[in-house]
Each structure stands twice: as C-alpha cells, then as structure tokens.
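First comes the structure, then the notes that go with it.
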Amino acid sequence: MPDSPAQFTSEEPVIDWILQTVGHDLRVALPLGLGKPVTLVNALVRRACADPSIRLRIFTALTLERPTPDTDMARRFLTPDAMDRLFGDYPQIEYARLLRDGTLPENIEITEFFLQAPNWVNVPAAQQRYVSANYTHALDVLLDQRPNLVLQLLAGNGTHLSLSCNTDITSDLLRLRRQGKAEFTFVGQVHSDLPFMPDPAEIAPAECAALLAQDAPPHALFSVAKQPVSQHDHAIALHVSRLVCDGGTLQIGIGQIGDAIANALILRQDGRITPIWQDCPFLRADRFSEHGAFDIGLYGLTEMLVDGLLALFEKGIIRREVDGAAIHAGFFLDSHDFYERLRALPPRERARIAMMPVSYTNTLLGDEDRKRAARKQARFINSAMMVTLLGAVVSDGTQDGQVVSGVGGQFNFVDQAFALHDARAIITLPATRTGKSGLSSNIRFSYGHITIPRHLRDIVVTEYGIADLRGKSDADTAAALIEIADSRFQNTLIKQAKAAGKLPETYQLPETARNNTPEALHRWLAPHSADALPDFPFGTAFTRIERYLMPALADLKTASAHMPTLLWRILQGMRGHPARMEEDAVKRMALDRPDGMKARAAQLALRGALRRQEKQAIA
C-alpha cells in the first residue's frame, strides 16, 4: 500500500489512473446499496463503452435507482419537483440504464447477489447474471472472481476516512488484503454528506491507492421515500411487540413493517400500548405476553441499520451495550432525514453505533462464546411475500424463477435463531395481497419457490395474530397458520390441507379465528389511529396533500387491474359529496382542468377513490 493515496478532484483523471495502474482487465467490487461511488462508476462504465479493449466485470448488489413513473397517475404524482424533493439529484447509474435498455456492450458484465425489488423482474440481462447467495457467503463468491479493483464511497472528517455506510463486506476485504490473502487496488470517493462512523468503520488513508474528493458540492445521497404504514402493518407490529423481551436482542428491517414495529415498541415503553392490546379481537399465542417498559434496554444486532432502530436508540430503548456499542450493524440505507440525524449525533453517542462486517452481525462464527453471551433472547424479525401451510417461507422470488430481490441475510438470521438457545426467528407478512388476478391469500397451501425451508419454521405473524410453529407437527403447523389467515380463504386452505392428509378430517376452525376480516381489523385500530398509530411514525418528505393522496392512488393502482372495479370508481366519482380535500388533491394531480376524455376519466376515478377512502375512514 502507498504511504498516501493519489489525490484527484474529478472522475476522468481517476479513470486514466486506474487504466494505467490496474490495467484494462477490470474485475470490480462495488458495495451494496448506498456505498457505490456513482459518478466514478458511471465514468468507468462510459469509458468501457467507448473502448472495447477494456473488459469490465462488476460484482455488486442492490443497485439503487430513482423510481421511473410507469403510469399516467404515477407521472402526475411524481412530478419533477416531487422527485427532486424526495430523491434529490441522485444520479442514474449508467450500467443499470444499459441493462434495462438491452444495450450493455459485450465487454461489460454486471453480476448482483441482491436486487432492488421489484425493479429487475422480467429484465433478462439482470435475471441471468443474478447470483443466489446468503449475505455471509457473498464475500467468498466475490473472492472467487479475483477482484483487482474495489471502489467505494467514503466519509471524511479532514484527517481520517470512514467506510461509513458499508462495512458489510469491505471491512473483511481490507482485512484479508492486510493478511496477504487478497490483492486489489482500493479507490475511494469522499462524500461530504455521508455520516462519519467512527472505529471500527475508520480506515487509514493509506488503505486507498487513490482518492477522489471533488471541489464541487456532491450529488444527493440516495434517499428511501417512506411509504405510509397501513393498519395491517400496525396490527402486525402490535403482535410482534409482545414477542420482544426486555434485555434482549433485536433485528428489524427497512420499510413499513420496521417503522411500525419501532412505533409499537415506543408505545410499549411509554405505557400507551396496553389499551390497544386489550381491545384486540384476534387470536394471540398466550405464551407470548411480553409487556411493560424496557428497564434494561435492548441490544441492536442487524445487518441493516434503519430508521426504526435509530429511533429506538434515540428514545433510549436500545441501550444495552455489547463491547461498548448498543447497535452493531453491517450497512445503512434510509432517508435524508436519517442521514442527518446520524450526522447530528454527538460523537460519543455515534460511537455507540458500531458498523461491522456481516461476518460479525449475521453469524456466530468467530468468537462464538462471546457472541452467544451477548445475543440473549434475540428476536430476528424479517418480512416475507408468502408462507406455505407447512411453514416454508417465500421472500425473494416467484415460482417461475424470477428474482424479486434476493435472500440477503434472511436465512442467516433464521439459522442464527435456531443456533441460539433462547432466540426466535419471526417472519411477518400481511394475510392477503391484491394483484392482477384480484385478492389472494399470502398463506398458501404450497408454492413453487421457497427462501426458508419448512424445517426452519419458527414464528409467523400476520395482522390476525401469532403462529408459533417451532417444533410443531405438520398438522399443528397448518392449523396455526390457517388460524391467522384471512377468513375469506380459511375454508379453502382447510379443504386443501385435509385433501393432502395434512389435517385430520375432524379439524374445525376455532371460533376465535373466524372473524379475521379487514372490517374487524378496522374496528380494532380505528379508535387508536389518530394518536398512537400514525401513517408516518418517523416523518416523511411527502407534503400533506401528497400523504392524503397516497391511499387513493394505491386503491386506483389495484382497481386498474380489474376493469369493473375501475369503472365503479369512475361512477363513484360522479356521485355523492366531494371528499374534504378533494379539490386540492385533484389540483395537485393536474386534473382540475382535464383536456380530454382520458384525463376526464382519470379525474373521475381519482374523485371516486378519494370519496371511497373518506367513507371507509368514517366507517
């Protein structure tokens, strides 16, 4: 390693230096998610496109892109102003555009082990180059590619550098290089807005052979646009909150469920959750009744540091320390507000969030005794797409082989839950989904693809309760899952299980599980929603009128897949009284002066969805 890195202030000279130093056969490792130095990567890809003598092979994961509106309603909602407010000027990643357009030249290969859901479904170039690997195995897969160049976005504080958002694999890569077990050139790009995470994320400047630090203001970091937390999400979280033990260990993921779980744990800490629990009409596993404030506090152990975990840390709920840290995490990715809050933490508090490799967070291997002692009463909570009646979990793909996302670390944490004597793996999912074929159950008798096999079945939670599956027979497993399924599908599931010989003919659905309906859910949560169960527990960049529009737009997206339903929304828009913010909403969507039959129909459909939304809220 050089004593000090070569210094650059723009991308093109860095590419010249790379080609002169490393050569034209480039096997490049890029971090997952936020840590990609996008402008540098784009410059490299453009150079390879222009020069076929360059062979460029990139191994990475979770390539992030600003959304591309694909319908008229989406384009009206995500105006250029809204896109800039939500996502800033985060650049389009050039290789992603080429992959999607089908114009990636033959001298460039892109391989990913985790995909941004659902961006790459039915994109053959991405589907064919996908590598299925657990997060903890991705390092070995990468090393088999013999990378000779690693590019990463870094944070700097004037004298030191930090891997910041991506210690997940890079920490181990650099360690292996120091041990003489890997050989590559490490090039960093400093981003002034990236939170500086201290040791063990800090690296010596000499680790970098070259460093890009631009004089111009940097582009915006990628920001996740928070989606509203639904009643289904809040219900799932309320059930999950009964599973979390004071003094225990917690892992949650990004998105609505993660936000809802953090919100529920804060309600529990503040003593406001008990009245909501007492009103719950749905089946609950009696053995799970954790309650009360977190007097000892939780320890956060996660591959991904997300807003919900940071909020629990800020509230003092996550505070149990292990080796001086209340949270150990492998990478982070969230909203602009999340990055700002991380940057604003006092240095002593930020030091209690230790960014680590996933070889530490996602496995017990290495210093196993200390890890076991620290990870007591662990609750590893992850989301799924579907669960089969025999307890297999579907999280990353479809039965026709299309990869939606990837296994990531989900299998790692389920496996870890079984290896720890008092840990549990909790899978959450809504009981139903609405697609092109209409409403369907997410609890299926069987499915042609699985992510977690049935022999690792543990706890499943829907909005209708908790199913404790560990160590249960197939019959008991099927019964427990049917009892937290939506009531509209329970009879079909019972018939399928009995026909397959997995339920006895004498089985009958308990009375306590026969009212698993959206109406019962609404009656339970509506009285508590305004105060305790907000749509955005930790804030949002969406404006008030945009937040008001979002449920109606989601309803229209579903209705658009079924013409009779869409026509009914249009008819609803022609009848009845306007919703309270209807005119402002119509104006925000630029439909206040429709200029043709199509726009007129869109306006009426929107009015109908808004009126239906308001009617449901009143009910």
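Taking the criterion of being open to solvent by 80 Å² or more (accessible area, probe 1.4 Å) and of a type in the set (A, V, I, L, M, F, W, C), would at least one residue in the range 143-165 satisfy it?
No, the conditions are met nowhere in the range 143-165.
So which residues in the range 69-80 are modelled with pLDDT of 90 or more and of a type in the set (Asp, Glu), if there are any at all?
Matches in the range 69-80: 72 only.
Tell me, yes or no, whether the range 515-525 has at least one residue that is assigned to a loop (DSSP other than H, G, I, E, B), within 18 Å of residue 239 (Cα to Cα), in contact (Cβ under 8 Å) with a residue 60 or more places away in the chain and open to solvent by 40 Å² or more (accessible area, probe 1.4 Å).
Yes, there is a match, as at least one residue in the range 515-525 is assigned to a loop (DSSP other than H, G, I, E, B), within 18 Å of residue 239 (Cα to Cα), in contact (Cβ under 8 Å) with a residue 60 or more places away in the chain and open to solvent by 40 Å² or more (accessible area, probe 1.4 Å).
Of 485, 475, which residue is of a type outside the set (Phe, Trp, Tyr) and in a loop (DSSP other than H, G, I, E, B)? Step through it out loud before you land on a result.
Working: 475 fails: in a loop (DSSP other than H, G, I, E, B).
Just a single option satisfies the conditions, and that option is 485.
Would you confirm whether any residue within the range 182-192 is open to solvent by 40 Å² or more (accessible area, probe 1.4 Å), under 25 Å from residue 24 (Cβ atoms) and not aromatic (Phe, Trp, Tyr)?
Taking every residue of the range 182-192 in turn, at least one turns out to be open to solvent by 40 Å² or more (accessible area, probe 1.4 Å), under 25 Å from residue 24 (Cβ atoms) and not aromatic (Phe, Trp, Tyr).
Out of 557, 502, 495, report the one residue that is in a helix (DSSP H, G or I) and more than 32 Å from the chain's Cα centre (by Cα).
Matching residue, one of 557, 502, 495: 495.
Just one of the numbered conditions (1) touching a helix residue (DSSP H, G or I) at 6+ places or on another chain (Cβ under 7 Å); (2) assigned to a loop (DSSP other than H, G, I, E, B) is not true of residue 196; which one?
Of (1) touching a helix residue (DSSP H, G or I) at 6+ places or on another chain (Cβ under 7 Å); (2) assigned to a loop (DSSP other than H, G, I, E, B), only one is false for residue 196: (1).
Within the range 199-221, which residues are open to solvent by less than 10 Å² (accessible area, probe 1.4 Å) and either touching a helix residue (DSSP H, G or I) at 6+ places or on another chain (Cβ under 8 Å) or within 22 Å of residue 350 (Cβ to Cβ) (or both)?
Matches in the range 199-221: 201, 210, 212, 221.
Could you look through the range 166-181, keep only residues that are free of Cβ contacts under 8 Å to residues at least 60 places away in the same chain and among the hydrophobic types (A, V, I, L, M, F, W, C), and pick out the one that is most open to solvent (accessible area, probe 1.4 Å)?
In this case the residue turns out to be 176.
Quick one: would you say residue 309 is modelled with pLDDT of 95 or more and either hydrophobic (A, V, I, L, M, F, W, C) or in a loop (DSSP other than H, G, I, E, B) (or both)?
yes
If residue 176 meets every condition in (1) within 30 Å of the chain's Cα centre (by Cα); (2) in a loop (DSSP other than H, G, I, E, B) apart from one, which number is that one?
Failing condition for residue 176: (2).
Looking at 27, 47, 66, 57, which is the one that is assigned to a helix (DSSP H, G or I) and either in contact (Cβ under 8 Å) with a residue 12 or more places away in the chain or crowded, with 24+ Cβ neighbours inside 10 Å (or both)?
47
In the range 223-244, which residues are open to solvent by 10 Å² or more (accessible area, probe 1.4 Å) and in a loop (DSSP other than H, G, I, E, B)?
Those that are open to solvent by 10 Å² or more (accessible area, probe 1.4 Å) and in a loop (DSSP other than H, G, I, E, B): 224, 225, 226, 227, 228, 230, 242.
Looking at 372, 341, 348, which one is in contact with a helix residue (DSSP H, G or I) (Cβ under 9 Å, 6 or more places away or on another chain), without any contact (Cβ under 8 Å) to a residue 40 or more places away in the chain and not in a strand (DSSP E or B)?
Unique residue meeting the criteria: 341.
Restricting to the range 69-85, what's the tally of residues that are open to solvent by 10 Å² or more (accessible area, probe 1.4 Å) and either part of a helix (DSSP H, G or I) or closer than 24 Å to residue 189 by Cα (or both)?
First, the residues of the range 69-85 that are open to solvent by 10 Å² or more (accessible area, probe 1.4 Å): 69-81, 83-85.
Of the ones still in play, those that are also either part of a helix (DSSP H, G or I) or closer than 24 Å to residue 189 by Cα (or both) are 72-77, 80-81, 83-85.
Qualifying residue count, the range 69-85: 11.
Listed residues 557, 587; which is of a type in the set (Lys, Arg), open to solvent by 40 Å² or more (accessible area, probe 1.4 Å) and modelled with pLDDT of 95 or more?
Step by step, each of 557, 587 is checked, and only 587 is of a type in the set (Lys, Arg), open to solvent by 40 Å² or more (accessible area, probe 1.4 Å) and modelled with pLDDT of 95 or more.
Please indicate, with yes or no, whether at least one residue in the range 565-579 is in a loop (DSSP other than H, G, I, E, B) and open to solvent by 100 Å² or more (accessible area, probe 1.4 Å).
Yes, the range 565-579 has at least one match.
Would you mention how many residues in the range 580-619 are within 24 Å of residue 523 (Cβ to Cβ) and either part of a helix (DSSP H, G or I) or touching a strand residue (DSSP E or B) at 6+ places or on another chain (Cβ under 7 Å) (or both)?
Residues that pass the stated criteria total 10.
Among the residues of the range 384-403, how many are crowded, with 20+ Cβ neighbours inside 10 Å and outside any loop (DSSP other than H, G, I, E, B)?
Final tally of qualifying residues: 6.
Do we find a residue being at pLDDT 95 or above and within 25 Å of the chain's Cα centre (by Cα) anywhere in the range 485-492?
Within the range 485-492 (the criterion being at pLDDT 95 or above and within 25 Å of the chain's Cα centre (by Cα)), the answer is yes, since at least one residue qualifies.
Looking at 398, 388, which is the one that is out of contact with any strand residue (DSSP E or B) (no Cβ under 7 Å at 6 or more places or on another chain) and either of a type in the set (A, V, I, L, M, F, W, C) or under 23 Å from residue 444 (Cα atoms) (or both)? Quick ask: steps written out before the conclusion?
Details: 388 fails: out of contact with any strand residue (DSSP E or B) (no Cβ under 7 Å at 6 or more places or on another chain).
Step by step, each of 398, 388 is checked, and only 398 is out of contact with any strand residue (DSSP E or B) (no Cβ under 7 Å at 6 or more places or on another chain) and either of a type in the set (A, V, I, L, M, F, W, C) or under 23 Å from residue 444 (Cα atoms) (or both).
Tell me, yes or no, whether the range 404-421 has at least one residue that is open to solvent by 30 Å² or more (accessible area, probe 1.4 Å), part of a loop (DSSP other than H, G, I, E, B), touching a residue at least 24 places away in the same chain (Cβ under 8 Å) and in contact with a helix residue (DSSP H, G or I) (Cβ under 7 Å, 6 or more places away or on another chain).
no
Could you give every pair whose Cβ atoms fall below 8 Å, whose first residue belongs to the range 542-568 and is farther than 26 Å from residue 437 by Cβ, and whose second residue is of a type in the set (S, T, N, Q), counting only separations of at least 6 or pairs across chains?
Pairs found: 547/540.
So which of 499, 480 ends up being out of contact with any helix residue (DSSP H, G or I) (no Cβ under 8 Å at 6 or more places or on another chain) and buried (at least 22 other Cβ atoms within 10 Å of the Cβ)?
480
Criterion first (open to solvent by 20 Å² or more (accessible area, probe 1.4 Å) and free of Cβ contacts under 8 Å to residues at least 40 places away in the same chain) does residue 449 satisfy it?
no
Just the residues that are farther than 23 Å from residue 409 by Cα, touching a Phe, Trp or Tyr at 6+ places or on another chain (Cβ under 9 Å) and in a loop (DSSP other than H, G, I, E, B), please, taken from the range 147-166.
148, 157, 160
Taking the criterion of being farther than 20 Å from residue 538 by Cβ, crowded, with 22+ Cβ neighbours inside 10 Å and among the small types (Gly, Ala, Ser), would at least one residue in the range 252-269 satisfy it?
The initial filter retains those residues of the range 252-269 that are farther than 20 Å from residue 538 by Cβ, namely none.
Within the range 252-269 (the criterion being farther than 20 Å from residue 538 by Cβ, crowded, with 22+ Cβ neighbours inside 10 Å and among the small types (Gly, Ala, Ser)), the answer is no, since none of the residues qualifies.
Can you run down the residue pairs with Cβ atoms below 6 Å, 6 or more apart or on separate chains, where the first is in the range 241-256 and at pLDDT 95 or above and the partner is in a strand (DSSP E or B) and small (Gly, Ala, Ser)?
As it stands, the answer is 249/378; 250/300, since those pairs meet every condition given.
The values are calculated or read from the model by the stated rules, or taken from the named source; none is laboratory data. Worth saying up front: this structure is predicted, and the values here are computed from it rather than measured. With ideal geometry, Cβ positions are generated from the backbone for all residues, glycine too; neighbour counts draw on all protein chains shown. Only protein heavy atoms, including side chains, enter the accessible area calculation; ligands, DNA and RNA are left aside. Shrake-Rupley method; radii C 1.70, N 1.55, O 1.52, S 1.80 Å.
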